[in-house]
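K.L.:
Quick one: this structure, given as structure tokens, is what I'll be asking you about.
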Amino acid sequence: MINIVEKKDCCGCSACVSKCPKQCISMIVDNEGFSYPYLDKENCIDCGLCEKVCPVINQNEPKKPLRCYAAINPDENIRVKSSSGGIFTMIAEYIIAEGGVVFGAAWNKNWQVEHTYTEVKEGLKVFRGSKYIQSIIGDSFIQVELFLKVGRKVLFSGTPCQIAGLKKFLRKEYNNLITVDFVCHGVPSPGVFRWYMKEELKRYSDYVIKDIRFRDKCEGWKNFSFSIDLENIDSKECVTLSQTLHECSFLVGFLNNYYLRPSCHYCPAKQFKSSADITLADYWGYNQSDKIKDDDKGVSAIFISTKEGDRILHMVEPLYETVEYSDILRINGAVEHSAQAPYREYFYSHSEMPFKTIIEKLVSEKILNKARRKLYFLTHKHEYYKG
Ligand SMILES: Cc1cc2nc3c(=O)[nH]c(=O)nc-3n(C[C@H](O)[C@H](O)[C@H](O)COP(=O)(O)OP(=O)(O)OC[C@H]3O[C@@H](n4cnc5c(N)ncnc54)[C@H](O)[C@@H]3O)c2cc1C
Ligand code: SF4
Ligand code: SF4
Ligand code: SF4
């Protein structure tokens, strides 16, 4: 039976919960705001299935993609609403047109991120855009299996560890399953996000949330913004609160790795270990062709790992150029490397402070430490060069 000794050894994919034949595992939120499996030992029959499907215990070998592309969706409206080049929507539309079902991460009515599915093109808009908190898998692995068993084509999109978890849960290959993941920096804590939102919306108690966008391109793709649309309960007046990635303390904390899931610092599914057919990413700084201009509306990097992934991409036909894997790797280290966590402990041990204050303190501490390291190097450089 599953026994998590160290938190870094559970990515929270829920494969064990979904597989247990006695339903004796449930996901419980810890003090850092992440969910972990909790086992009701009384009902456990010690069948071992939970361990067999765990993608952290049973990691695949790292591999390299077959082919890589820079690409954009020619529909600019969709591209602007997507996080990078809008490729996910193109793939999803193709699957729907083929009579398939698409699973992805969407906001639920409590403004938590949750996996759900759609069978219609209009239903895809809720999946568009990165949501920077860990999504709840719920029953979606079980639903995927049901669709696959009756022969429906299924596209499942999620983090690499969710794809790895789904594949372990299914325990066999299905020709009608297509999986899309992304290069993953890590997932921030849903509990920390709730804390941030509570402070941020203190002055808006008579408003309701209508939408949340982590990757709003209102100030451009590179200088993306975190935006919240609000509506006044009585007057129905609408306001949008928007802050760029440098101004928004939640994004600053995310990008500095202060509250990622512990497993994200030892990612079990990076380097294409998830075995997804297609992996998407931001292609920052791509400016190598006449076909794809850097217009600050977003360019995707696409990694193809299977023949089926390549076939689908060519059916979908985005505007694309073939690129070298090493070119993407140079500007997107998260493809192969897990995020470091030097200030994580400090963040969680100061949770009595206002959110913004901790982030500001940590950022200035980081700048100070960088300056200290530089000064140390300058005053000791003769020792480095000698040795
Ligand atoms: C938590 C997170 C970390 C990321 N880290 C990086 C990174 O370090 N480097 C990089 O290049 N790209 C990263 N990305 C991916 C990138 O931002 C784009 O999502 C990706 O390039 C696809 O963009 P798109 O324009 O094709 O489609 P979009 O429409 O933007 O893609 C949305 C897709 O992402 C899925 N998704 C959104 N939020 C979540 C979530 N919380 N959990 C699971 N699935 C989700 C949706 O289901 C949908 O399939 C990250 C995305 C997320 C959600
Ligand atoms: S060993 Fe079997 S019954 Fe026990 S928790 Fe794991 S899957 Fe469930
Ligand atoms: S990684 Fe997934 S399968 Fe493994 S223990 Fe955690 S939730 Fe369960
Ligand atoms: S970094 Fe790895 S462990 Fe963390 S959410 Fe992404 S895929 Fe999962």
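K.L.:
Got a number for residues in region 32-69 being away from ligand 3 (no atom under 14 Å from the Cβ) and free of Cβ contacts under 8 Å to residues at least 24 places away in the same chain?
P.N.:
3
K.L.:
Any idea which of Ile57, Ile28, Ile4 is open to solvent by 60 Å² or more (accessible area, probe 1.4 Å), farther than 28 Å from Trp284 by Cβ and within 16 Å of ligand 4 (Cβ to nearest atom)?
P.N.:
Numbers: Ile28 fails: within 16 Å of ligand 4 (Cβ to nearest atom); Ile4 fails: open to solvent by 60 Å² or more (accessible area, probe 1.4 Å).
Result: Ile57 is the single residue among Ile57, Ile28, Ile4 that is open to solvent by 60 Å² or more (accessible area, probe 1.4 Å), farther than 28 Å from Trp284 by Cβ and within 16 Å of ligand 4 (Cβ to nearest atom).
K.L.:
Right, next: Which of the residues that make up region 76-135 are of a type in the set (S, T, N, Q) and either surrounded by fewer than 20 Cβ atoms within 10 Å (Cβ to Cβ) or not assigned by TED's automatic domain parsing to the domain that holds Asn257 (or both)?
P.N.:
Within region 76-135, the first condition is being of a type in the set (S, T, N, Q), and the residues that meet it are 77, 82-84, 89, 108, 110, 112, 116, 118, 130, 134-135.
Hits for region 76-135 are Asn77, Asn108, Asn110, Gln112, Thr118, Ser130.
K.L.:
Confirm whether Pro21 is more than 7 Å from ligand 3 (Cβ to nearest atom), out of contact with any Pro (no Cβ under 9 Å at 6 or more places or on another chain), under 20 Å from Gln143 (Cβ atoms) and of a type outside the set (S, T, N, Q).
P.N.:
Working: more than 7 Å from ligand 3 (Cβ to nearest atom): yes; out of contact with any Pro (no Cβ under 9 Å at 6 or more places or on another chain): yes; under 20 Å from Gln143 (Cβ atoms): yes; of a type outside the set (S, T, N, Q): yes.
In short, yes.
K.L.:
Between residues in region 10-24 that are more than 10 Å from ligand 2 (Cβ to nearest atom) and residues that are among the charged types (D, E, K, R), which pairs lie under 6 Å by C-beta distance while being six or more apart or on different chains?
P.N.:
These pairs meet every condition: Ala15/Lys168.
K.L.:
Among the residues in region 223-240, are any under 15 Å from the mean Cα position of the chain (by Cα) and either closer than 27 Å to Val180 by Cα or buried (at least 22 other Cβ atoms within 10 Å of the Cβ) (or both)?
P.N.:
Step one: list which residues in region 223-240 are under 15 Å from the mean Cα position of the chain (by Cα), which gives none.
Looking through region 223-240, none of the residues is under 15 Å from the mean Cα position of the chain (by Cα) and either closer than 27 Å to Val180 by Cα or buried (at least 22 other Cβ atoms within 10 Å of the Cβ) (or both).
K.L.:
Which residue is farthest from ligand 3 (Cβ to nearest atom), if the candidates are limited to region 225-272 and must be in a loop (DSSP other than H, G, I, E, B), in contact (Cβ under 8 Å) with a residue 24 or more places away in the chain and among the hydrophobic types (A, V, I, L, M, F, W, C)? Please lay out each step first, then the result.
P.N.:
Here is the first cut: in region 225-272, the ones in a loop (DSSP other than H, G, I, E, B) are 233-237, 245-248, 256-259, 261, 267-272.
Cutting the leftovers down to in contact (Cβ under 8 Å) with a residue 24 or more places away in the chain gives us 233-234, 256-259, 261, 267-272.
Imposing the further condition that a residue be among the hydrophobic types (A, V, I, L, M, F, W, C) reduces the set to 233, 267, 269, 272.
On the way: Ile233: 38, Cys267: 12, Ala269: 10, Phe272: 18 Å.
Within region 225-272, the match that is farthest from ligand 3 (Cβ to nearest atom) is Ile233.
K.L.:
Do we find a residue being away from ligand 4 (no atom under 16 Å from the Cβ), in contact with a strand residue (DSSP E or B) (Cβ under 9 Å, 6 or more places away or on another chain) and of a type in the set (Ser, Thr, Tyr) anywhere in region 151-169?
P.N.:
Within region 151-169, not a single residue is away from ligand 4 (no atom under 16 Å from the Cβ), in contact with a strand residue (DSSP E or B) (Cβ under 9 Å, 6 or more places away or on another chain) and of a type in the set (Ser, Thr, Tyr).
K.L.:
While we're here: State the number of residues belonging to region 174-210 that are more than 30 Å from Glu345 (Cα to Cα), open to solvent by 50 Å² or more (accessible area, probe 1.4 Å) and assigned to a strand (DSSP E or B).
P.N.:
The number of residues fulfilling the criteria is 2.
K.L.:
May I ask you to list the residues in region 351-367 that are of a type outside the set (A, V, I, L, M, F, W, C) and either within 15 Å of Met197 (Cα to Cα) or touching a strand residue (DSSP E or B) at 6+ places or on another chain (Cβ under 7 Å) (or both)? Write out each step before concluding.
P.N.:
If we filter region 351-367 for residues that are of a type outside the set (A, V, I, L, M, F, W, C), which is where we start, we get 351-352, 354, 356-357, 360-361, 364-366.
Across region 351-367, the qualifying residues are Ser351, Pro354, Lys356, Thr357.
K.L.:
Out of curiosity, is Cys47 open to solvent by less than 20 Å² (accessible area, probe 1.4 Å) and either at pLDDT 95 or above or more than 16 Å from ligand 2 (Cβ to nearest atom) (or both)?
P.N.:
Working: open to solvent by less than 20 Å² (accessible area, probe 1.4 Å): no; either at pLDDT 95 or above or more than 16 Å from ligand 2 (Cβ to nearest atom) (or both): yes.
No.
K.L.:
From the residues in region 136-149 that are open to solvent by less than 20 Å² (accessible area, probe 1.4 Å) and without any contact (Cβ under 8 Å) to a residue 60 or more places away in the chain, which one is farthest from Gly85 (Cα to Cα)?
P.N.:
Of all residues in region 136-149, those open to solvent by less than 20 Å² (accessible area, probe 1.4 Å) come to 137, 140-141, 144, 148.
Next, from what is left, pick out any that are without any contact (Cβ under 8 Å) to a residue 60 or more places away in the chain: 140, 144, 148.
Values: Ser140: 26, Val144: 27, Leu148: 29 Å.
Per the criteria, the residue is Leu148.
K.L.:
Being open to solvent by 10 Å² or more (accessible area, probe 1.4 Å) and under 23 Å from Phe103 (Cα atoms) is the filter here; which residues of region 241-267 pass it?
P.N.:
Cys264, Cys267
The values are calculated or read from the model by the stated rules, or taken from the named source; none is laboratory data. Predicted model only: the values in this text are computed from it and were never measured. Note: ideal-geometry Cβ built from the backbone for every residue, glycine included; neighbour counts use all protein chains shown. Side chains included, ligands, DNA and RNA excluded: accessible areas come from the protein's heavy atoms. Shrake-Rupley method; radii C 1.70, N 1.55, O 1.52, S 1.80 Å.
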